[in-house]
1. For every helix of n ≥ 4 consecutive DSSP H residues, a contribution of -39,500 (n - 2.57) applies; sum these over chain A, divide by its total residues, and give [θ] at 222 nm rounded to the nearest 500 deg cm²/dmol.
2. Please give the FRET efficiency for residue A:206 paired with residue B:269, using the beta carbon to beta carbon distance and R0 = 22 Å, rounded to the nearest 0.05.
3. Per residue of B:232-244, count partner chain C-beta atoms within 10 Å of its C-beta, then hand back the mean as an integer.
4. Would you kindly state how much longer the chain becomes between residue A:118 and residue A:13 on full extension, computed as 0.36 nm times their sequence separation minus their alpha carbon distance, in nm to one decimal?
5. Quick one: helix B:181-191 against the long Cα principal axis of chain B, what's the angle to the nearest 10°, folded into 0 to 90?
6. Extending each Cα 7 Å along its Cβ direction at residue B:86 and residue A:81, get the distance between those two points in nm, one decimal.
7. Which shape class applies to segment A:35-190: rounded if a/c is under 1.5, otherwise prolate when a/b exceeds b/c and oblate if not, where a ≥ b ≥ c are the square roots of the Cα gyration tensor eigenvalues?
8. Using only DSSP helix segments of four residues or longer, with each worth -39500 (n - 2.57), what per-residue ellipticity at 222 nm results for chain B after dividing by its residue count and rounding to 500?
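Every read-out reported here was derived from the displayed coordinates using simple, explicitly stated rules and does not represent laboratory data. These numbers were taken from a predicted model, which means no experiment stands behind them. Because the Cβ atoms are built from the backbone with ideal geometry, glycine has one as well, and the counts that use them run over all protein chains shown.
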């Protein structure tokens, strides 16, 4: 008997728990030659905004041991071009497409949620709250519980699709943020977004990234991500989507044991464009080999 | 396309510069000059990302065992600059590598009646050999190869064997003219009567100078760029170059891996 890999994540029915992470998978089409999208659970688009964004100057990425820093600057085509040029591809794939989005103000977030809510091909919304609030001195929405609550409340009122809130790890207590988002009406939480880091070029005495700091991702962040997923899964009732340095099926299954209902594969897709599909297949093989009939039986099954 | 490649040879051709020959699947035979590959140096997580390399040459490999079928092979010319390339240089014949490619948009071969002027700096010659190999079939080709020292001027004999007329320049005068290779390019352009097309790959300063020369003389010019990239397939957006319409208000970024690595020089923004 093939193991049951299906999960229901906040109303999104997934054939298996493996999604691709925002910003690492374009708008889906870029990977069509490398991944059979119908063998992964869902794919998440690059973060979208109302207006197109050009992004930061280069260098935008740098590798560090076991990880990479990026400061792309949320370059994206904007919601209008997304609807016109990217959404038609979604119709050709029987896999949920999740639209990741952000704004500079609460109103922009709400407007984005409203616009995305009108697109039938979008199965769910993932809101990136790791952006500075330009109207409140640039405080990052996702690092202040009150700000996060305001933005999630506004998005909740603007959409009836499943609303996933992507949490920043750059906070003192991630559970406080998780609870604020739960109370504001989120349907699921995904974590972790990248950790803020930096790299220095000693000989030039300059930061490597033009933006100075960037988001740290890759296998080096997995222990932090696992810890935060475990804390949040215990601290809230919402389903949790685990993200952070997942390179293989073992990593993915560890997140599920820690309490994640689903996982997202990010940086691994850069190295191996077929990573998400391979991880899903290897998870199934591990379950068969270990006599686990249903993936749902592993969610939060960590023994402590 | 993603494939496993077997190393056929890996040798240092000049201090710090290596040339690797490796097997490829049948589809690779159609790789065009200017395209590149993303190489995973090992299966571990350090180095984490693939490394991009220009395709130096594409050929046919016939195993020595009798009855073994021929298959395409390709070559990379690379410089040891860090951890990844150092590990690559330590690999041997029969070692296996995980490769993505051929990737990106290659060179436009232009018109038969144009004299083709190829300008390469250091390891920037890497994607220009396969280009020269195609161009000599239809046009006259001249190569202008520059470097800091003679050690940085690579594979000139191979270009000469194709029938390419080669000019060399080094900053320390240890090979060819002392100075920048763009001087020799300018002299050729001054005496040229017919049409020309320029191709360039090398350090940014050299590309900048070549692009300026091409713009001043309205000569079509294509440049091949390098970029820090994670994926090579247009997803990470790490490797962008600034387009000619770029300004802080109206950003114009071009993806080096999918829109390039070869661009019309007039499409990019250069320093004045």
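1. Estimated from H runs of four or more residues: -8500 deg cm²/dmol.
2. 0.55
3. 6
4. 35.8 nm
5. Approximately 50 degrees, to the nearest 10.
6. About 4.0 nm, to one decimal.
7. Since a/c stays below 1.5, the shape of segment A:35-190 is classed as rounded.
8. So the helix-based figure for chain B works out to -4500 deg cm²/dmol.
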